[in-house]
Amino acid sequence: MSEKRLLKELRTISKELVQEDSSLALNGVLVLEPVSEGDLFEWRARIRGPEGSCYANGIWDLHITVPSNYPTAPPTFRFVMSSERNARLASDSPTATRGRCLRMPHPNVNFETGEICLDILQQMWTPAWSLSSSVVAIVMLLDSPEPLSPLNIDLANLLKSGDQKGYDDLVKYYIERFTIAES
Amino acid sequence: MSEPESDNVTFPALETYLTDANAPVIVRANQKDSYFENVLRGKLQNVIQIFKGQRMVHTHPEEITVGAKALYLALTTLLGSKTLGEEYTDLIYVSRNKKRIPKVLTRLTFILSYTVLPYYISRWLRRVQLREEKEEDEKTATSKVKRRLLGFFKAVSYVKAVDVLLNIHIAIFYFYGSYYNFSKRLLGMRYAYGHKVNEQNAPKGNYELLGALIMLQLFLKGVGKVDSVIQQEKLKQVNASAEDDNNDEGDGVFYDAPIQDEDNQFESAIDLSDPDVLPYIPEDSRKCMLCLSYMTNPSCAQCGHFFCWGCILDWCRENPHCPLCRQPVLEQHLLPLR
C-alpha cells in the first residue's frame, strides 16, 4: 500500500512543483523528489525560508526517510547539516550564487544533527498528511517557532525572554555564516 | 510425632460417634484454608521481594504458590494440628475405615502429593506436549492406522485428560462428599466431625445436583468430541478420494478451482473506480485519502469519514482516531458500505 501511495504522491508533487500557484511553489519548496530513481522510501527536499522572516535569505536541504508502513507511521524529516569545512562561503565571494545553508538556526531544530521537533511529524501524525504537506508544514514552522519544546535552547531562550530583535539578528548571522557559495 | 498414641492405638468404637463430614462443610473448610494460604503467599512474596528482588517474584509465581501451600500444610497438618479451615468447621482427618487417625508418614505423603506433585506433573505434561509437537513435525511416514491412532490421542491432549479426570473426581465428591482432593482419596484421608453430632439434625445432603451437572457436561463434551473426530476422518477420506480423482482426470480440474475463487473475491469487493458502483457517491469523494486511490470496500467511521476498509483498519489498529478529524474510531465501529 505504501508504495502505491508514494507513487501517487510523486506524480502529484512533480506536477505541483512546476505550477506557480501550487502550495509547494508558494511556500518556497524548490525540490521534492526521491533520492534515487528506484527507491521511493528515501527522499530529499530543498526549501527556501519564508518571505518576510529572518529566514528569507536561506536555502536548506532536507533528507526524508519514509517508513515501510507509511502512511500509518510518519516519515522522518531531517535538515542536512554537513560540516563542509573547506566549502567556499557565500559571504567571502559576493559575486557567486548563494548555495544552501549548512546549519539550521531554529528553536525546534537540533543545531548539530538537524533533527526536527514538530508534533504533526510525531504523535499528532495522521495519514491525512502527505510528504508535500509535511514539507510545507516545516517551512511554516520556520516562521512560527515553538520555544516551549526546544531542541536549540539558546535560540528558544532569546524568544522566551522576548528579545525578538536579538533572535532575528542571530539567525541572520548564522545563515550568512554557514551559507556556501555555489560553484 | 506430637501424638504417638493416636498413631498406633485403634479406637474400636470410633465409628459409633464420629460422623462423616458432608460436602458443604468440607468445601467451607477448604475455602477458609485457601484464603489463609493466599494470605501466607502474600507474606512469603513480600519476604522474597526483600531478599531476592521483584524479578524473582515475577519469574516464579507458581513456585511461590506451591511453597506457600506446602508451608501452610506443614505447619498445620504435618504437625498434627488442624488447619484454620478445619478448626473453623471442626473437622478432623480419619482413615478410610474411620478407625484411625492418619499417621505422620501418610500426612507427609499427602502434603507432598497435594503441593509439589501437581506442580511437577503439570510441568512434565507441558514438556511432553512440546516434545510431541516437535516429533509430529519430524514424523512423516507412518502407517495409516498408526497415524489415525496418533491423531486421536493428539486430539485428546494430556492436559485435557487430566482435567477430565479431576472433573470426574469433583463430581464424585459432590455425590458422596468423602474426598475433596485426589491425593486424599488415594491416601484414604477423609474428614469426620470432631464433635458429637446429633443424628437427627445432622446436616445431610451433598451437592448431588452439581455432580450430576458436571457429569452431564462431561458426557456432552465427550459426545461432541467423538462426533468431531468422526467428521474429520470422513472429511479426510473425502479429500483423499478427491485427490485421487484429480490425479486420474488430469489437469482440467486443477485449473478450474482457483479461477472460481478469484471470481468470488471480485464479486465481494466493492471497487469505486467503477462509476456504476454505489453511484450516489460523488466523483470527488470516491478516493480514499489514505491510499489516494479509488476506494475498495468503502467503510464509514463514526464521524462520517470514508476510507478503504483495509486502509482505515490498518490505521485505527494502531491509532484509534479518525485521520481527518481525530475523533475516536474503534475497529468494531467501522461500517462497511454495501
Practice task
Write down the accessible area per residue of the range B:23-221 in Å², having rolled a 1.4 Å probe over the full set of protein chains.
Solution key: 64 Å²
Practice task
Enter the accessible area of residue B:121 (Å², nearest 10), with the probe set to 1.4 Å and all protein chains included.
Solution key: 80 Å²
Fill in the blank from the handout: Accessible-area order for B:180, A:70, largest to smallest, probe 1.4 angstrom, reads B:180, A:70
Exercise for the section: Compare the peptides B:34-40, A:55-61 by average per-residue count of other Cβ atoms within 10 angstrom and give them in order, highest first. Expected result: A:55-61, B:34-40
Practice task
Taking 10 Å² as the minimum loss, tell me which residues in the range B:273-314 lose that much accessible area going from the chain by itself to the full protein complex (1.4 Å probe).
Solution key: B:289, B:290, B:291, B:292, B:293, B:311, B:314
Completion exercise
Output row B,A: buried area (accessible, probe 1.4 Å, summed both chains) in Å², nearest hundred, equals 1200 Å²
Exercise for the section: Please calculate how many Å² of accessible area the range B:283-336 carries per residue, with a 1.4 Å probe and no DNA, RNA or ligand atoms counted. Expected result: 51 Å²
Handout entry: Accessible area of the range B:283-336 belonging to carbon and sulfur atoms, whole % at 1.4 Å probe
Key = 53 percent
Problem - Neighbourhood charge, 11 Å Cβ-Cβ cut-off, centred on residue B:277 and excluding it, Lys, Arg +1 and Asp, Glu -1 - result: -1
Fill in the blank from the handout: Of all C-alpha pairs within the range A:2-180, those more than 29 angstrom apart amount in percent to 21 percent
Exercise for the section: Between beta-carbons, use under 12 Å as the cut-off and find the net charge around residue B:288, counting Lys and Arg +1, Asp and Glu -1. Expected result: +3
Fill in the blank from the handout: The set of residues whose placed amide H lies less than 5 Å from the amide H of residue B:293, leaving out same-chain residues fewer than 5 positions away, is B:288
Completion exercise
Karplus-derived 3J(HN,Hα) from phi for the range B:107-113 (6.51 cos²θ - 1.76 cosθ + 1.60, θ = phi - 60°), whole Hz, x at Gly and Pro, runs 5, 4, 4, 4, 4, 5, 6
Handout entry: Cα gyration tensor, the range B:23-221 - rounded (a/c under 1.5), prolate or oblate
Key = oblate
Handout entry: Shape box of the range A:1-103 [Cα atoms, principal axes, largest first, Å]
Key = 49, 33, 23
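The values are calculated or read from the model by the stated rules, or taken from the named source; none is laboratory data. In this text the structure is predicted, and so the values were computed from the model without any measurement. Using ideal geometry, Cβ is built from the backbone for each residue, glycine included, and neighbour counts are taken over all protein chains shown. Areas reflect the complete protein model, heavy atoms only, side chains present, ligands, DNA and RNA absent. Shrake-Rupley method; radii C 1.70, N 1.55, O 1.52, S 1.80 Å.
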